[in-house]
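The values are calculated or read from the model by the stated rules, or taken from the named source; none is laboratory data. What you are looking at is a predicted structure, and each value in this text was computed from that prediction instead of being measured. Reconstructed Cβ throughout: ideal geometry from the backbone, glycine too, with neighbour counts over all protein chains shown. Heads up: the accessible areas ignore ligands, DNA and RNA and are worked out on the full protein's heavy atoms, side chains in. Shrake-Rupley method; radii C 1.70, N 1.55, O 1.52, S 1.80 Å.
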Amino acid sequence: MERKDEHLKLAISFHDETKKSDFDLIDFVHNSLPNTNVDNIDISTSIATFTQSHPFYINGMTGGTELTKNFNQKLAILARETNTMMGVGSLSVALRHKEIEDTFKIVRKENKNGIIFANIGADKSLEEAKKAVHLIDANGIQIHINPAQEIIMPEGERDFTKWIENIENIISNVGVPVIVKEVGFGMSRETIKLLKSIGAKTIDISGKGGTNFGKIENSRRKKDSLAFLEEYGFSTAESLLEAQEFVSNTEIISSGGIRNTYDIVKSLALGAKSTSMAGKFIMLVNDIDIENAIDIVNNWKYQIKSIMALIGANNIKELQEKDILIRGKLNEFARLRNIDVQALANRK
């Protein structure tokens with residue numbers, strides 16, 4: 001359980017919203033006559049069978065100790081008061097230690113009618129997935145896939161040979177909607193294609209740029225530093241480009257280093273059905289009181305509407321028809337991976 005507190009404290013310590021991002025290499029074509037009304041912009045979306053009034057939610061990160069229980073409680077209240085979907089951190093530890101179940105159950109206690117997702121690793125069985133859902137009366141479940149984190153984690157998993165089989169079994173038989181998610185190392189189109197082939201319908205590509213579990217786990221190592229893996233993987237923007245051939249028939253979620261509402265709008269324009277954030281919400285409830293946090297989150301909704309109105313998009317579908325310019329090293333990445341960014345720049 002000590003690891004849970006370490007993860008949270010290090011995530012807070014390393015959080016930096018001022019750093020550069022590949023999202024800075026994405027631009028819209030400015031529309032001086034958008035012919036829109038901010039108040040009429042529709043930012044609703046549907047993800048994992050659930051209709052949402054806005055295209056972002058609280059991604060799962062924490063739980064398992066008294067400290068993390070306090071954060072889960074605050075996040076659950078924030079989710080309730082802003083009508084925001086929420087995931088919890090990995091429930092694996094609670095399946096082994098009954099005495100810490102309440103650090104996760106607090107989420108349902110505070111948010112009785114909200115959409116809540118349980119969370120387990122890809123190494124877990126169908127039976128464990130069902131127990132995780134039951135434990136917090138979850139509406140769905142996230143399966144996190146994190147081989148890079150496990151490799152860097154001193155006590156991490158080293159055998160990944162059953163993961164694909166486990167994920168397929170859970171998707172087919174758990175009985176609730178499933179989100180398969182990375183934890184900050186991004187996804188290639190090959191991984192997305194494989195997940196689709198075993199039944200995944202909703203996939204969180206979670207690229208690097210946000211909570212850096214490579215850096216967190218390396219900081220916990222007492223020897224044999226693996227610092228060279230701290231920037232391993234694809235960024236969120238790169239992963240969204242990787243997902244382009246699937247956005248029409250797969251629910252892609254964009255997460256990992258979403259710094260602001262402009263990053264959210266850019267993610268949606270690149271085909272994401274929704275976005276999710278963990279570190280940003282953690283910092284929000286860590287830094288300010290819950291009333292002000294609620295105001296900030298509600299203001300994000302208005303900001304998204306304002307940005308979409310400026311671009312000339314009345315809803316997310318129209319936003320995904322607007323021209324997007326991909327610049328610099330992100331364009332070079334697309335060229336190397338044979339991704340047609342020219343088509344994104346001329347979508348009309």
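Data overview
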quantity: Output for region 1-49, where each listed residue is modelled with pLDDT of 95 or more, touching a His at 6+ places or on another chain (Cβ under 8 Å) and among the aliphatic types (A, V, I, L, M); calculated: 43
quantity: Counted residues, region 224-257 - those being under 15 Å from residue 179 (Cβ atoms) and in a loop (DSSP other than H, G, I, E, B); calculated: 3
quantity: Where residue 117 falls short, out of the listed (1) assigned to a loop (DSSP other than H, G, I, E, B); (2) open to solvent by less than 20 Å² (accessible area, probe 1.4 Å); calculated: (1)
quantity: Selection count, region 307-338, where residues are in contact with a Ser or Thr (Cβ under 9 Å, 6 or more places away or on another chain) and either open to solvent by 40 Å² or more (accessible area, probe 1.4 Å) or at pLDDT below 95 (or both); calculated: 4
quantity: Yes/no for residue 72 being open to solvent by 30 Å² or more (accessible area, probe 1.4 Å), among the polar types (S, T, N, Q) and without any contact (Cβ under 8 Å) to a residue 40 or more places away in the chain; calculated: no
quantity: Pairs, first without any contact (Cβ under 8 Å) to a residue 12 or more places away in the chain in region 264-293, second open to solvent by less than 10 Å² (accessible area, probe 1.4 Å), C-beta under 9 Å, six or more apart; calculated: 287/293
quantity: Every residue from region 269-288 that is within 19 Å of residue 249 (Cα to Cα) and either touching a Pro at 6+ places or on another chain (Cβ under 6 Å) or crowded, with 23+ Cβ neighbours inside 10 Å (or both); calculated: 269, 270, 272, 274, 275
quantity: Selection within region 137-149 - buried (at least 21 other Cβ atoms within 10 Å of the Cβ) and more than 23 Å from residue 173 (Cα to Cα); calculated: 148, 149
quantity: Residues located in region 295-343, provided they are of a type in the set (Lys, Arg), without any contact (Cβ under 8 Å) to a residue 12 or more places away in the chain and within 28 Å of residue 57 (Cα to Cα); calculated: 317
quantity: Where residue 57 falls short, out of the listed (1) of a type in the set (Ser, Thr, Tyr); (2) at pLDDT 95 or above; (3) open to solvent by 70 Å² or more (accessible area, probe 1.4 Å); (4) not in a loop (DSSP other than H, G, I, E, B); calculated: (3)
quantity: Residue count, region 298-314 (criterion: in contact with a Phe, Trp or Tyr (Cβ under 8 Å, 6 or more places away or on another chain) and under 17 Å from residue 78 (Cα atoms)); calculated: 1
quantity: Residues being among the charged types (D, E, K, R) and open to solvent by 30 Å² or more (accessible area, probe 1.4 Å) - total across region 221-268; calculated: 9
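Each row is one residue, and each column tells you yes or no for (1) open to solvent by less than 60 Å² (accessible area, probe 1.4 Å); (2) touching a helix residue (DSSP H, G or I) at 6+ places or on another chain (Cβ under 9 Å); (3) in a loop (DSSP other than H, G, I, E, B).
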position	(1), (2), (3)
151	no, yes, no
155	no, yes, yes
160	no, yes, yes
184	yes, yes, yes
187	yes, yes, yes
